[in-house]
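Working notes for the structure below.
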Amino acid sequence: MTAISFALFLLIGLPIAFVLIGSAFIFMAAEGNWRLLNALPQVLFSSLEIFDLLAIPLFILLGEVMNEGGLTQRLISAARTSLRRLPNSLAYVSLIANLMLASIMGSATAQIAVMSRVMVPAMEDDGYKRGFAAALTASAGLIAPLIPPSMIFIIYGVVAQVSVADMFMAGILPGLLMFFLLCLWISIRVPRRDGGSPARPDTATGNQAGEPARGRVVLDLLVTLSIPGIIVGGIAFGVFTPTESAAIAVVFTLLVGSLYFRKLTFASLRQALVRTAGNTAMVLFLIAAAKVFGWVLTFNMVPQTIALLLQGITSDPIAFLLLTFLFLTIIGFFLDGVAALIVLVPILLPIAVTVYGIDPIQFGVMVCLTLSIGLLTPPVGAGLFIASAAANVKLGALVREILPFLGIAFFVTLCTILAPVLTSAFR
């Protein structure tokens, strides 16, 4: 009954949080066990009474303040200035800018939205097909869940009760591998091109027209990259927790955006705070709803049933991980990644750790990356729709162009399964 109601609510287009809570109520009604309803407020409250969740609004605010303070544009400008003479320069600029933004934003959907609006028109003007530019930009957004700070890593750390700092460190090598494989694909897929026709030189500075002096570009880049340096360095050396690093990074960004770049105003800060509040409310409500649904599944003995089923299929840890990868890939076609994470990790993680002896951090990186790929897979991939709308590209054309990039993402996921060193090297 619960499964039928879940599928029905999805088909009629209810928001995923209401799908999860509605299915939980249907289960209570079908079982006639209204005592569960008495425990519901405690389940909702306890799902959000976790210190590490404070990092979510802080990192969302960090990305908003960076955009309003002009730091995002500075990153893109610096990458563009440094690589303008390289063949296929704008394609590499898109990747490098995504890599740098991934170390600050932590959200694939936010990164895809920002970069699609900025890079796709510029790449089209430089001669790239619009569909390819949108596919490259959307696919590069998958770096965001792997490079710290990562919103989905924070949620996994909270749900799985593992160190968020360890999750951050574990994602670095897979993220860099994704970046270099995307660069390799560009060098193979895109015909060799000049770096673009040079603009008219600026007689005063000797630089391209409209570009700032190279020294200023380098200084802006160093100032901007000091933000992820604070986050990653502070966590890696044990100076502060991920939540504390987010708070310090927000304060530093406020100072840089208002005093150094002089683009952050009280009006723009107010808009950033309003958007942060709205996005935080959506994320936390989804976490609470998924916790309720997962609680109902646990009461219904679903984890134990799945554990027995898997043990009957295989006793090999690699085979279990591959089966989980396939299962989550299919789930990602239809369900939001965060909701799937919160619902499924409490079911699958105990099996992975106690039955198969799998490292929970390695398991977490694989799960988070697999569910993030769901952002770019039809029929409900949010990243696809965001990139299609922001870049003004037909969805069908975007899907065709994005398939090779999805192949790269799946390959990196398989590497995290078959080569655990990728997730343990920096821990």
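The values are calculated or read from the model by the stated rules, or taken from the named source; none is laboratory data. Here the structure is a predicted model, which is why all the values come from computation and not from measurement. Cβ sites come from the backbone with ideal geometry, for glycine too, and all protein chains shown count toward neighbours. Surface areas here come from the heavy atoms of the whole protein model, side chains and all, with no ligands, DNA or RNA. Shrake-Rupley method; radii C 1.70, N 1.55, O 1.52, S 1.80 Å.
Taking only C-alpha pairs under 8 Å that are 6+ residues apart, what is the relative contact order of segment 279-427 in percent?
Reported as a whole number, the value is 25 percent.
Given the convex hull of the Cα atoms of the chain, what is a quarter of its surface area in nm²?
Dividing the Cα hull surface by four gives the mean projection, 21.4 nm².
Using the Kirkwood formula over every pair of different C-alpha atoms, what hydrodynamic radius in Å results for segment 317-427?
In segment 317-427 this quantity evaluates to 14.7 Å.
So how far, in whole Å, is the C-alpha centre of segment 355-427 from the one of segment 275-297?
A separation of 22 Å, based on Cα centres.
Report, to the nearest whole %, how much of the accessible area of the chain belongs to carbon and sulfur atoms, 1.4 Å probe, protein only.
After summing per-atom areas, the C and S share lands at 68 percent.
Once the Cα atoms of helix 395-418 and of the chain are each reduced to a long axis, what angle between those two axes, in degrees from 0 to 90 to the nearest 10, is obtained?
For 395-418 against the chain, the angle is about 70 degrees.
Quick one: ranking W295, W34 by accessible area, 1.4 Å probe, largest first, what do you get?
Greatest to least solvent exposure: W34, W295.
Distance from the Cα centre of segment 1-75 to that of segment 225-262, in angstrom?
Segment 1-75 and segment 225-262 have Cα centres spaced 28 Å from each other.
When the convex hull of the Cα atoms of segment 265-336 is projected onto a plane and the area is averaged over all directions, what value comes out in nm²?
So the mean shadow area of the Cα hull is 7.3 nm².
Which value, in debye to the nearest 20, gives the size of the charge dipole of the chain about its Cα centre, when Lys and Arg are +1 and Asp and Glu are -1 at the Cβ?
1080 debye
Show log10 I(q)/I(0) for segment 1-145 at q = 0.11, 0.12, 0.21 Å⁻¹, two decimals, from a solvent-free Debye sum over equal Cα scatterers.
At q = 0.11, 0.12, 0.21 Å⁻¹ the computed log10 ratios are -0.63, -0.69, -1.17.
Find the Rg to Rh ratio for segment 344-396, where Rh is the Kirkwood radius over alpha-carbon pairs and Rg uses the same atoms.
1.23
Tell me, what is the FRET efficiency for L10 and E49 to the nearest 0.05, using R0 = 22 angstrom and their Cβ-Cβ distance as r?
With a Förster radius of 22 Å, E is 0.15.
Counting only helical runs of four or more DSSP H residues, what would the 222 nm mean residue ellipticity of the chain come to if each run contributes -39,500 (n - 2.57) and the total is spread over all its residues?
-23500 deg cm²/dmol
Of the listed peptides 358-367, 332-341, what is their order by residue-averaged count of other C-beta atoms within 10 Å, with the highest listed first?
Descending packing order for the listed peptides: 358-367, 332-341.
What's the ranking of 257-268, 50-61, 89-100 by average number of surrounding C-beta atoms within 10 Å, highest first?
89-100, 50-61, 257-268
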